[in-house]
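Colleague: Below is a structure I'd like to ask you about.
Taken together, the values in this text are just the output of simple stated rules run on the coordinates, not laboratory data. A quick note: this is a predicted structure, and the numbers were derived from the prediction, not measured. Here the Cβ positions follow ideal geometry from the backbone for every residue, glycine too, while neighbour counts run over all protein chains shown.
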Amino acid sequence: MERGQKEPVQVVCPRCRHTEIIYLPVPDLPRCPECDVQMLIEELLDEGKSY
Ligand SMILES: [Zn+2]
């Protein structure tokens with residue numbers, strides 16, 4: 001029985017574009033191992049852009 005289903009999202013470093021997959025919810029976004037800056041959430045599912 002599964003509970004607390006986690007949602008995978010991609011995060012990207014704004015400086016070096018390094019990406020990682022994390023699983024929401026998380027208390028804090030991870031920091032880039034290269035730059036030590038906080039990474040940003042990048043949309044994984046990019047469907048439905050019909051504009
Ligand atoms: Zn970086």
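Colleague: Taking 0.36 nm per residue of sequence separation and subtracting the Cα-Cα distance, how much length would be gained by fully extending the chain between LEU29 and VAL12, in nm to one decimal?
Modeller: Taking 0.36 nm per residue and subtracting the Cα distance, the gain is 5.1 nm.
Colleague: Mind giving me the nanometre distance, one decimal, between the label points for THR19 and GLU42, set 7 Å out from Cα along Cα→Cβ?
Modeller: Output for this residue pair reads 0.4 nm.
Colleague: Then there's this: How about region 2-38: which trypsin sites (Lys or Arg not before Pro) there are in a DSSP loop, with at most 12 other Cβ atoms within 10 Å of their Cβ?
Modeller: Passing both the DSSP loop test and the Cβ count: ARG3, LYS6, ARG15, ARG17.
Colleague: What does the charge count near VAL37 come to, summing +1 for each Lys or Arg and -1 for each Asp or Glu among other residues with Cβ under 14 Å from its Cβ?
Modeller: Its environment carries a net charge of -1.
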